[in-house]
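Values quoted throughout were computed directly from the atomic coordinates according to the rules given, and no laboratory measurement underlies them. Treat the numbers as computed from the prediction; the structure is a model and nothing was measured. Backbone-built Cβ (ideal geometry, glycine too); neighbour counts: all protein chains shown.
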Amino acid sequence: MKKTGFSHLLLAVLLLVTGGLYSQETEGSRWGFGVAAGPQFTNISSPGLPMPPNMGTGFLAGVFAEYALFDNFKVRMGADFDRRSFNVSYQSSYFVFQDSIISRNSYGAYDFDFNVDFLTIPLSFIYMTGGERFKLFIQGTFYYSVYLSARKKGYTDVYIAESDFQFVDQEKYPDLQPGHNRKEFNESTDIFFNNERFNSYDMGVSFFIGGIYKLSEKVDLYLSPGFTSGFGRVLENPVYDSRWIKVLKIETGIVVNLN
């Protein structure tokens with residue numbers, strides 16, 4: 001099901017691009033090609049974490065082809081490198097030694113930034129209104145994303161107060177010392193929470209509203225803020241029903257019209 005949906009979208013991209021190249025001589029004025037990029041502010045719903053995740057800053061960059069069905073309506077399809085980011089952090093208010101001794105002088109903590117990369121295939125429908133030089137538009141998009149990789153950067157820390165060190169099992173934790181026991185991380189990973197893997201895909205819808213400014217007869221510049229709602233799970237395990245939420249985007253792009 002997942003592979004079939006992605007295959008259909010990829011085939012549609014190839015047909016759109018191939019058709020655009022063919023139509024350059026026959027009906028070129030209806031076709032345009034462009035590049036787009038911009039920041040996006042993303043987060044996930046909490047999959048059982050002790051504290052809610054924090055929003056991170058990622059970005060999106062890609063290429064697209066578009067076809068004007070009418071003077072004020074066009075269809076667009078492309079391929080984007082889609083980086084989504086979020087942060088998870090926590091500090092406990094106490095520490096448990098030997099399953100029975102509780103101390104509020106010692107604690108555990110972690111702080112991680114995650115960057116999760118996707119190849120995203122968007123299919124957009126764009127309605128425009130306005131004058132010859134400047135137009136407003138609204139855009140609805142359906143997208144399918146394939147997981148590429150993820151990276152985490154941050155630390156874990158176990159703080160053991162001097163008065164609590166006597167309760168540490170030295171045979172089980174020979175490297176644990178009084179004070180801060182901090183470990184730094186900056187590595188690629190497919191694992192996020194409780195040894196659970198990131199999901200291999202995502203899909204959802206986006207909505208944009210923006211403006212198009214005609215720089216020349218062939219070149220348009222546009223700017224469009226918008227938001228995305230994801231339907232796919234962040235993690236493969238369905239027990240953790242976590243979704244991509246608060247996906248806010250600011251996209252800018254250049255369109256070259258083949259006329």
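Overview of results
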item	result
Long-range HN-HN contacts of residue 106 with modeled amide H, under 5 Å	95, 161
Among 121, 191, 44, residue whose mean-square fluctuation peaks in a GNM of the chain (springs only between Cα atoms under 10 Å)	191
Of 55, 65, 191, farthest towards positive along the dipole that unit charges on Lys, Arg, Asp, Glu beta carbons give the chain	65
Amide proton proximity set for residue 199, modelled H, under 5 Å, gap of 5+	235, 236
Distance-filtered residues of segment 58-79 - backbone nitrogen under 13 Å, label point 7 angstrom along residue 87 Cα→Cβ	58
Highest-MSF residue in the chain out of 167, 73, 59 [GNM, Cα springs under 10 Å]	167
Karplus-derived HN-Hα couplings along segment 215-228 (A = 6.51, B = -1.76, C = 1.60, θ = phi - 60°), whole Hz, x at Gly and Pro	6, 8, 4, 9, 10, 10, 10, 9, 9, 8, x, x, 9, 10
Stretch gain in nm, segment residue 129-residue 189, where the contour uses 0.36 nm per residue and the Cα spacing is subtracted	17.0 nm
Cβ charges +1 (Lys, Arg) and -1 (Asp, Glu), total dipole of segment 184-259, debye	380
Under Karplus coefficients 6.51, -1.76 and 1.60, residue-wise ³J(HN,Hα) of segment 75-87 in Hz, glycine/proline x	10, 10, 9, x, 9, 10, 8, 10, 9, 10, 10, 7, 10
Per-residue [θ]222 nm for the chain (sum of -39500 (n - 2.57) over DSSP H runs n ≥ 4, rounded to 500)	-3500 deg cm²/dmol
Estimated dipole of segment 2-257 in Debye, rounded to 20 [Cβ of Lys and Arg +1, of Asp and Glu -1, Cα centre]	760
Cleavage-rule hits, trypsin sites (Lys or Arg not before Pro), segment 76-161, DSSP coil, Cβ neighbours within 10 Å at most 14	104, 133
Most fluctuating residue given options 210, 58, 108, as computed from a GNM of the chain linking Cα atoms under 10 Å	108
Only Lys, Arg (+1) and Asp, Glu (-1) charged, at Cβ; segment 103-151 dipole about Cα centre in debye	100
Option label - mean projected area of the Cα convex hull in nm² computed here, alternatives (i) 15.5; (ii) 28.7; (iii) 16.6	(iii)
Integer Hz, Karplus 6.51/-1.76/1.60 couplings in order for segment 189-201, x for Gly and Pro	7, 9, 10, 10, 10, 6, 6, 8, 8, 5, 5, 7, 7
Radius 13 Å from Cβ of residue 150, net charge of other residues (Lys, Arg +1; Asp, Glu -1)	-2
Dipole of segment 99-157 [Lys/Arg +1, Asp/Glu -1 at C-beta], most positive-end residue of 121, 154, 102	121
Charge-dipole axis of the chain as Lys and Arg at +1 and Asp and Glu at -1 on Cβ define it, positive-most pick from 203, 181, 137	137
Total lysine pairs under 23 Å (Cα atoms) in the chain, excluding pairs fewer than 8 apart on one chain	14
